[in-house]
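Take a look at the structure set out below.
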Amino acid sequence: MNVHIQALHFDADNKLVEYINKKVAKLNQFHDRIIKVDVFLKLDNVVHTIKDKIAEIRVHVPRADFFVKASSKSFEASFDEAFEAVINQIKRKKEKQAA
């Protein structure tokens, strides 16, 4: 499984990158044929001066792609929210295939 982390408009610190890598490694429990995982971290300050942290996760598996986007006040919270959502997508897809 290839993991690609991209931080847009800022530099991600090592602690955040390690946190994401550790969590992404757990995806193998839910799908055994994951090819690539793309994680995009963005700062969004369109409306106010308060910066929202956006995490996007794209998981590539044979014949399917899963994509989730979440935002909150911290990258860890955004990533956790998106991570839970992508796990739910993977579980639903596997349940459909099994049925």
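The values are calculated or read from the model by the stated rules, or taken from the named source; none is laboratory data. Keep in mind that this is a model prediction, so the values were computed, not measured. When we count neighbours, we look across all protein chains shown, and the Cβ atoms used for this are built from the backbone with ideal geometry, even at glycine. SASA here: full protein model, heavy atoms, side chains in, ligands and nucleic acids out. Shrake-Rupley method; radii C 1.70, N 1.55, O 1.52, S 1.80 Å.
Side notes on the structure shown:
- Residue satisfying all of: in the range 48-65; free of Cβ contacts under 8 Å to residues at least 12 places away in the same chain and under 21 Å from His31 (Cα atoms); most open to solvent (accessible area, probe 1.4 Å) among these: Arg63
- Test for Gln89: is it open to solvent by 40 Å² or more (accessible area, probe 1.4 Å), free of Cβ contacts under 8 Å to residues at least 40 places away in the same chain and not in a strand (DSSP E or B): yes
- Scanning the range 1-33 for residues that are of a type outside the set (A, V, I, L, M) and touching a residue at least 40 places away in the same chain (Cβ under 8 Å) returns Tyr19, Lys23, Phe30, His31.
- For the range 66-80, the set of residues classified as in contact with a Ser or Thr (Cβ under 6 Å, 6 or more places away or on another chain), crowded, with 18+ Cβ neighbours inside 10 Å and assigned to a strand (DSSP E or B) consists of Ala70 only.
- Given (1) part of a strand (DSSP E or B); (2) open to solvent by less than 40 Å² (accessible area, probe 1.4 Å); (3) of a type outside the set (Gly, Ala, Ser), index of the condition Phe83 fails: (1)
- Evaluation of His4 against (1) buried (at least 16 other Cβ atoms within 10 Å of the Cβ); (2) part of a strand (DSSP E or B) (one fails), failing number: (1)
- Of all residues in the range 16-63 being touching a strand residue (DSSP E or B) at 6+ places or on another chain (Cβ under 6 Å), basic (Lys, Arg) and not in a strand (DSSP E or B), the one that is modelled with the lowest pLDDT: Lys51
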